[in-house]
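Visitor: Next up is a structure, given as structure tokens.
Each value in this text was obtained by applying a stated rule to the coordinates, not by laboratory testing. What you see is a predicted model; the values in this text were computed from it and never measured. No Cβ is skipped: glycine too gets one built from the backbone with ideal geometry, and neighbour counts run over all protein chains shown.
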Amino acid sequence: MWMGSVSKLLLLLSLFPNEGEQPEKYAVVFDAGSTGSRVHVFKFDQDMSLLRIGQDYELYVAIKPGLSSYEKEPEAGANSLRPLLEQAEEVIPQQLRATTPLRLGATAGLRLLPGTAAQDILDAVKELFKSESSLNYKPEWVSVLDGTDEGAYMWVAINYLDGKLGKKYSKTVAVVDLGGGSVQMAYALSDKAAANAPPQSNDVATRLALGTNYNLYSHSYLNYGLLAARAQNLNLSGAGNPCITNGYQGTYSYNGVDYKASPPRSGTSLLGCVAQARKLLKVDTPCPNKPCSFGGVWNGGGGDGFDNLYAASYFYDTAIEAGIVEPNANITQVRPYVYLKAAKKACSANVDNIKTKFPQLEDYDVPYLCMDLVYEYILLVEGFGINLIKKITVVKNLEYKDSWIGAAWPLGCAVELLS
Ligand SMILES: *[C@@H]1O[C@H](CO)[C@@H](O)[C@H](O)[C@H]1NC(C)=O
Ligand SMILES: *[C@@H]1O[C@H](CO)[C@@H](O)[C@H](O)[C@H]1NC(C)=O
């Protein structure tokens, strides 16, 4: 009798598998960048493993131009997202739409618009999402992403793909993300280290990722991204910059400002360029809360979560162009000194022979290879204090199951939204 009612109950239960739980969940993340808008749709199973949407582990659609091109016509900007929104909704089953979070993060381009232009565009996007989307929309999910969040999402994305989330903080990897406008450093701290953070610092936050809380240190250095650093570098030297490739004479444009770019009469100089990079990183700025990276910024104190460093974005792109990593390699271990070694070769080349020495170099980077390599080396070794012979991992895509997935912030954002 007793056995009988239990087996009846079990039979009943088996008729309603996982009642109340959905078999899968989705997140939709818009990345509103300076050159274009992109939508990412991710699909996860109960255990938060990525599932395929069609062939790939995400739906990805991109359009140009970016929202920042609609300064004077915010509605048109919002409308430019409509086809992306429609394609995103199409792949999500009807009954899951209302619980699928819809997030839009705007990066560099929108941050730089004058006056209320950025807010006007975001308001128009909110209106579009509210009136036309069947997804789970909240006004606070449409925003300009601050650099700290961008760094944290990138940390989540890389640790997720690397299978580190859910493990102890000491098993996670640190992530340095060199963008065009800013560079982000993010890594996990021990409870003790987090408790000892300088009281006025906003760089440590508790973040829930895959059911585990981490004390995440994340700092964004505005204007120290690769393209911004070039502008700062040229601005510091005036005409005659020791980092510019021999034989080049031209201008560099950044954020609508033109900078004269040419080497000094004495020619390009590795040592002169190193001195420039140190000057622009302000490595000698007093440090109110020790230890510091550069410019007087508290560096989080290091520790086990900092020990294993992944370097992404321009660290990867420059390494490809300089032949430091093989073309098509998605992930490679290198030691920081190889950037300096490549710089030695780049700084002694000239515009006519640099592409024979560096076959992967793009034309538009010909004047700046010496500058970029020296900057990236000084940033790693003197800025972030990485030993020049310590192995770091330069990464673009990570292997996940039987596929490769790009290391980018929207995936980390999706994981956090659903955690
Ligand atoms: C260029 O230098 C001037 C004067 O030193 C400074 O005010 C300005 O902010 C600098 N611009 C950049 C992009 O570094
Ligand atoms: C690198 O990743 C891409 C996908 O983004 C993939 O197509 C390619 O095969 C990967 N390269 C190698 C060498 O595995």
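Visitor: If amide H atoms are built 1.01 Å from N in the plane of the peptide, which residues on other chains or at least 5 residues away come under 5 Å of the amide H of Leu104?
Guide: Phe30, Val142, Ser143
Visitor: Treat each spin label as a single point 7 Å out from the Cα along the C-beta direction, and report the Thr99 to Val351 distance in nm.
Guide: 6.1
Visitor: Under 5 Å between amide hydrogens, which residues at least 5 positions from Leu51 or on another chain qualify, with H placed 1.01 Å from N in the peptide plane?
Guide: Lys43, Phe44, Asp45
Visitor: How big, on average over all directions, is the shadow cast by the Cα convex hull of the range 74-158, in nm²?
Guide: Mean orientational projected area (the range 74-158, Cα hull): 6.2 nm².
Visitor: How far is helix 226-237 tilted off the main Cα axis of the chain, in degrees rounded to 10, range 0 to 90?
Guide: Here the helix axis deviates by roughly 20 degrees.
Visitor: For the range 327-402, state which GluC sites (Glu not before Pro) are in a DSSP loop and have at most 16 other beta carbons lying within 10 Å of their beta carbon.
Guide: Here the GluC sites (Glu not before Pro) that fit, given the DSSP loop and packing criteria, are Glu362.
Visitor: Once the Cα atoms of the range 23-79 are picked out, what are the Rg and Dmax in Å?
Guide: In order Rg, Dmax, the Cα atoms of the range 23-79 give 14.5, 45 Å.
Visitor: Within 10 Å of each candidate Cβ there may be at most 15 other Cβ atoms; applying that plus a DSSP loop requirement, which trypsin sites (Lys or Arg not before Pro) in the range 322-419 survive?
Guide: When the trypsin sites (Lys or Arg not before Pro) of the range 322-419 are filtered for loop state and at most 15 Cβ neighbours within 10 Å, Lys390, Lys391, Lys401 remain.
Visitor: Under a plain spin-label model, where a point goes 7 Å from the Cα along Cα-to-Cβ, how far apart in nm are Leu236 and Cys287?
Guide: The two pseudo-label positions are separated by 1.8 nm.
Visitor: If you wrap a convex hull around the Cα atoms of the range 111-240, how much volume per residue is inside, in Å³?
Guide: Expressed per residue, the convex hull around the Cα atoms of the range 111-240 is 175 Å³.
Visitor: Let me ask another. Output needed: percent of Cα pairs per 5 Å distance bin for the range 22-145, bins running from 0 to the one holding the longest distance.
Guide: 2, 12, 22, 24, 18, 12, 7, 3, 1, 0
Visitor: Follow-up question, since we're still on this one. Which order do peptides 173-186, 284-297 fall in by mean Cβ count within 10 Å, highest first?
Guide: Going by the mean number of other Cβ atoms within 10 Å, highest first, we get 173-186, 284-297.
Visitor: Taking K and R as +1 and D and E as -1, what net charge do the other residues with C-beta under 15 Å from the C-beta of Thr268 add up to?
Guide: Residues close to Thr268 contribute a combined charge of +2.
Visitor: Among the trypsin sites (Lys or Arg not before Pro) within the range 53-129, which fall in a DSSP loop and have no more than 13 other Cβ atoms within 10 Å of their own Cβ?
Guide: Lys72
Visitor: List the relative contact order of the chain as a percent without decimals, with contacts defined as Cα pairs under 8 Å and 6+ residues apart.
Guide: It comes to 16 percent, rounded to a whole number.
Visitor: Sticking with this one: If the rule is a partner Cβ under 4.7 Å, which cysteines in the chain fail it?
Guide: Cys413
Visitor: Something else now. Can you give the translational diffusion coefficient of the range 239-292 in µm²/s, computed by Stokes-Einstein from the Kirkwood radius over Cα pairs at 25 °C and 0.890 mPa s?
Guide: 191
Visitor: How large is the Kirkwood hydrodynamic radius of the range 150-411, in angstrom, based on all distinct alpha carbon pairs?
Guide: 18.9
Visitor: Given only helices, namely DSSP H runs of n ≥ 4 each adding -39500 (n - 2.57), what is the per-residue ellipticity at 222 nm of the chain, to the nearest 500 deg cm²/dmol?
Guide: -9500 deg cm²/dmol
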